[in-house]
Ligand code: 13P
C-alpha cells in the first residue's frame, strides 16, 4: 500500500508568531483525523522549522521548501540539507515551479539537491509539471518525462524509491484553476508508467505521487479517489487550519 500524504507548502507566508499559532491549530485538528496509513506534512519557511518540529513534528511532520546542494561552505544565505535534518525535519520540497521560474533552478541542479537531501536522510518531495503553453501545445507528456529523466531518473533505484513526486501543473498553481480529476489521473498514470519503464513495476507501485494546484476541501476527495493520486501538495489552503484538516479528511470521504 502506498502512503497517503497531504503536504502543506506555506511558501513565503506567515511570520514567526503566526506560523507557530497556525501550526499548533493544525496539529490539534489533524491529530484526531489522521489514520495510520496517512501522513500530514507542513513545509514551512526555514526560520520556523526548529520550533515546529519541537511543537508537533511527530503528528504533523515538518519539511523545508528548498535546500542547497552542498553540505557546508561559503554560500552566504543558503541552508543545507544537513542543517534542515539537524532541526528535526524529515522532508524537503525540491524543484517547485516557483524555484525553477524565479531562481532559475535547472534539472541538473535539482538532481544535485535531490542527492544532497537523500544523503542527509531527508525525503525529497520532487515537483514536476507543465506550463499553460506546454499543456495547450499538447507537449506536457514530453515536458514531464524530461523533468524526470534529467533530474531523478539518474538516481540509483534504491534512492529513487525513497522520493515522493508531486505533479503540479504550473497553470493550476494559485490560480483557482484545478486540473480535473481526469486530467490529473492521466498525468499521474503516465508518471507511474515512466517510473515502471525506468525502475520496474515494484518501485513504480510503491512511489507516492501527489497532486498540487488549487487543491481545496471541495475538490480533494475526487482527486484523491483516483487510482494514481496518492495525496496532495497544498499551497493556499494549507494556510487555513480548517481547510488543511478537511483536505486530510478527504481520504476518508
Ligand atoms: P496552491 O494550492 O495555492 O495552488 O499552490 C499549490 C502549490 O504550489 C503547492 O506547492
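Screening the stretch 221-242 for residues that are within 10 Å of the ligand (Cβ to nearest atom) and assigned to a helix (DSSP H, G or I) and picking the one that is surrounded by the most Cβ atoms within 10 Å (Cβ to Cβ) gives 238. Identification of helices (runs of 4 or more DSSP H) wholly contained in the stretch 129-195 with 1 or more residues that are in contact with a strand residue (DSSP E or B) (Cβ under 7 Å, 6 or more places away or on another chain) yields 140-151.
When you scan the stretch 7-38, how many residues do you find that are within 12 Å of residue 63 (Cα to Cα) and touching a strand residue (DSSP E or B) at 6+ places or on another chain (Cβ under 7 Å)? Outline the logic, then answer.
Within the stretch 7-38, the subset within 12 Å of residue 63 (Cα to Cα) is 7-11.
After this cut, where a residue has to be touching a strand residue (DSSP E or B) at 6+ places or on another chain (Cβ under 7 Å) as well, the list is 7-10.
So the answer is 4.
Residues in the stretch 12-32 that are assigned to a loop (DSSP other than H, G, I, E, B) and closer than 12 Å to residue 47 by Cβ: 12, 14, 15.
Within the stretch 41-63, can you find the residues that are closer than 13 Å to residue 13 by Cα and assigned to a strand (DSSP E or B)?
Our first condition is that a residue be closer than 13 Å to residue 13 by Cα; within the stretch 41-63, this holds for 42-48.
Correct list: 42, 43.
For residues that are within 13 Å of the ligand (Cβ to nearest atom) and not in a loop (DSSP other than H, G, I, E, B), scanning just the stretch 196-220, find the one that is farthest from residue 43 (Cα to Cα). Quick ask: steps written out before the conclusion?
Narrowing the stretch 196-220 to residues within 13 Å of the ligand (Cβ to nearest atom): 210-220.
Next, from what is left, pick out any that are not in a loop (DSSP other than H, G, I, E, B): 210-212, 220.
Numbers: 210: 14, 211: 15, 212: 14, 220: 19 Å.
Going through the qualifying residues, I end up with 220.
Note on the stretch 173-186: residues that are within 21 Å of residue 101 (Cα to Cα) and surrounded by 12 or more Cβ atoms within 10 Å (Cβ to Cβ) amount to 6. A search for C-beta distances below 6 Å between a residue of the stretch 68-95 that is closer than 11 Å to residue 53 by Cβ and without any contact (Cβ under 8 Å) to a residue 40 or more places away in the chain and any residue that is part of a loop (DSSP other than H, G, I, E, B) and within 16 Å of the ligand (Cβ to nearest atom), counting only pairs 6+ apart in sequence or on different chains, returns 84/67.
In the stretch 9-32, what residues are surrounded by fewer than 17 Cβ atoms within 10 Å (Cβ to Cβ) and closer than 15 Å to residue 249 by Cα? Quick ask: steps written out before the conclusion?
Keep residues of the stretch 9-32 that are surrounded by fewer than 17 Cβ atoms within 10 Å (Cβ to Cβ), which gives 12-13, 15-18, 20-21, 24-25, 28, 31-32.
Result: 28, 31, 32.
Answer with yes or no whether residue 110 is outside any loop (DSSP other than H, G, I, E, B), within 16 Å of the ligand (Cβ to nearest atom) and surrounded by 16 or more Cβ atoms within 10 Å (Cβ to Cβ). Considered against the rule, which asks whether it is outside any loop (DSSP other than H, G, I, E, B), within 16 Å of the ligand (Cβ to nearest atom) and surrounded by 16 or more Cβ atoms within 10 Å (Cβ to Cβ), residue 110 comes out as yes. In this structure, residue 187 does not qualify as modelled with pLDDT of 95 or more and farther than 21 Å from residue 139 by Cα.
Residues in the stretch 121-162 that are within 16 Å of the ligand (Cβ to nearest atom) and under 18 Å from residue 91 (Cα atoms) were compared, and the one that is surrounded by the most Cβ atoms within 10 Å (Cβ to Cβ) is 124. Considered as a group, the residues in the stretch 72-103 that are assigned to a loop (DSSP other than H, G, I, E, B) and under 14 Å from residue 125 (Cα atoms) include one that is nearest to the ligand (Cβ to nearest atom), and that residue is 96.
The values are calculated or read from the model by the stated rules, or taken from the named source; none is laboratory data. Not measured: the values here are computed from a predicted model. With ideal geometry, Cβ positions are generated from the backbone for all residues, glycine too; neighbour counts draw on all protein chains shown.
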